[in-house]
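Structure first, commentary second.
The values are calculated or read from the model by the stated rules, or taken from the named source; none is laboratory data. Remember, it's a predicted structure, so these values are computed and weren't measured experimentally. Methodologically, a virtual Cβ is constructed for each residue, glycine included, from the backbone with ideal geometry; neighbour enumeration extends over all protein chains shown. When the accessible area is computed, the model is the full protein with side chains, heavy atoms only, and any ligands, DNA or RNA have been set aside. Shrake-Rupley method; radii C 1.70, N 1.55, O 1.52, S 1.80 Å.
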Amino acid sequence: MDLYCVMGNPVEHSRSPWIHARFAELCNQPIAYERRLVALGAFAEGIAAFRREAAERGDRALGCNVTVPFKFDAASIAQHTSERATLAGAVNTLRFAADGDIHADNTDGIGLVNDIERNARVPLAGKSLLRIGAGGAAAGVLGPLLDAGAARVVVANRTVDKAVSLVRRHAALALAHGASLEAWALDAVPGDFDLVVNATASSLAGDAVPVGAQVLRQGALAVDMMYGPAAAGFLQWARAHGAVARDGLGMLVEQAAESFEIWRGVRPPSAQVLDELRARLAAA
Ligand code: NAP
């Protein structure tokens, strides 16, 4: 059996095992995908144990997804790192090659872009964009948003220095695309964006949306990278101010689809699986 997993701490909430099982079923790929809780500070040991235990059972461990808080650790254990993961400084997908080497990638950003462009049908070329937050997940999405042709990207964060350093790291890419890339403090953000992406954990903390409603142009798309109850506050706020609100479930399925394609060379029907997952969660 070809074996994959998601590693995190906590990890019991992860929808990835269900998503990948459904991809495998629909694409006739004979794989198993498990959930592995890894002790804090022991990511490399977690990877070694996954590979060793699979070999002892006669299975082949071929890759894993990485979630909070290990996205930075994962970047340091790979022998090969994709350009987008290097730029992000964070990794969510590992592939174990036949020669034993580990290849690292980051599919979070392209997952977000694909959800916005393919599922929500909002092209990003020429658009003005506000990204709130500068944490691990936010780092991975900036490059793909610029690659998608956004004309102006503003990064705002509670700790403004983190936004500044993220913007500095992506300055050459922005220049290459002829895009404007700026860092702002949350309380000084200008107005009228076509797209606002919330990549902060503020609603988890029960706090209000950390920017004013002037950021939303009428009819703007407002995406929270979270889903479920954690996204509710931001989505309500966005709708109340004339925006089209979207949660992070589509990004979750689309980043998984990219990982699946990296591992199996097959593109799964992500829009169908997103519809099914939404229906499952609504019925739960
Ligand atoms: P992280 O590294 O912990 O970063 C958290 C961010 O939230 C930081 O920018 C932090 O600002 C900000 N923040 C926290 N509390 C705040 C508050 N009360 N007010 C204002 N800002 C606040 O988290 P992450 O890994 O980037 O993930 C961000 C969110 O995206 C998470 O909720 C995660 O579940 C979600 N996510 C979704 C997907 C998906 O597929 N849908 C994938 C990855 C992540 P400071 O820098 O000032 O601390």
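Answer yes if at least one residue in segment 223-233 is aromatic (Phe, Trp, Tyr), part of a helix (DSSP H, G or I) and within 12 Å of the ligand (Cβ to nearest atom), and no otherwise. Working first, answer last.
Kept after step one, since they are aromatic (Phe, Trp, Tyr), are these residues of segment 223-233: 227.
Subsequent filtering for residues that are part of a helix (DSSP H, G or I) retains none.
No.
Does segment 27-46 include one or more residues that are of a type in the set (Ser, Thr, Tyr), within 14 Å of the ligand (Cβ to nearest atom) and not assigned by TED's automatic domain parsing to the domain that holds GLN218? Quick ask: steps written out before the conclusion?
Just the residues of segment 27-46 that are of a type in the set (Ser, Thr, Tyr), to begin with: 33.
Now narrow it down to the ones that are within 14 Å of the ligand (Cβ to nearest atom): none.
The answer is no; no qualifying residue exists.
Out of the residues in segment 59-107 that are hydroxyl-bearing (Ser, Thr, Tyr) and assigned to a strand (DSSP E or B), state the one that is least open to solvent (accessible area, probe 1.4 Å).
Among them, the one singled out is THR93.
Got a number for residues in segment 23-33 being open to solvent by less than 50 Å² (accessible area, probe 1.4 Å) and either farther than 17 Å from GLU53 by Cα or not β-branched (Val, Ile, Thr) (or both)?
Restricting attention to segment 23-33, the residues satisfying the condition of being open to solvent by less than 50 Å² (accessible area, probe 1.4 Å) are 23-24, 27, 29, 31-33.
So of that shortlist, the ones also either farther than 17 Å from GLU53 by Cα or not β-branched (Val, Ile, Thr) (or both) come out as 23-24, 27, 29, 32-33.
Number of matching residues: 6.
Only residues in segment 55-68 that are more than 16 Å from the ligand (Cβ to nearest atom) count as the first member; pair them with residues that are part of a loop (DSSP other than H, G, I, E, B), Cβ under 6 angstrom, at least 6 apart or cross-chain, and list the lot.
So the pair list comes out as ASP59/MET1.
Would you pick out the residues in segment 134-162 that are assigned to a helix (DSSP H, G or I), out of contact with any Gly (no Cβ under 6 Å at 6 or more places or on another chain) and within 11 Å of the ligand (Cβ to nearest atom)?
Of everything in segment 134-162, those that are assigned to a helix (DSSP H, G or I), out of contact with any Gly (no Cβ under 6 Å at 6 or more places or on another chain) and within 11 Å of the ligand (Cβ to nearest atom) turn out to be GLY136, ALA137, ALA138, VAL160, ASP161, LYS162.
Specify which of the listed residues (SER165, SER202, SER180) is in the same structural domain as GLY233 (by TED's automatic domain parsing) and away from the ligand (no atom under 16 Å from the Cβ). Break it down into steps so the answer makes sense when it comes.
On the way: SER165 fails: away from the ligand (no atom under 16 Å from the Cβ); SER202 fails: away from the ligand (no atom under 16 Å from the Cβ).
Within the list SER165, SER202, SER180, the selection yields SER180.
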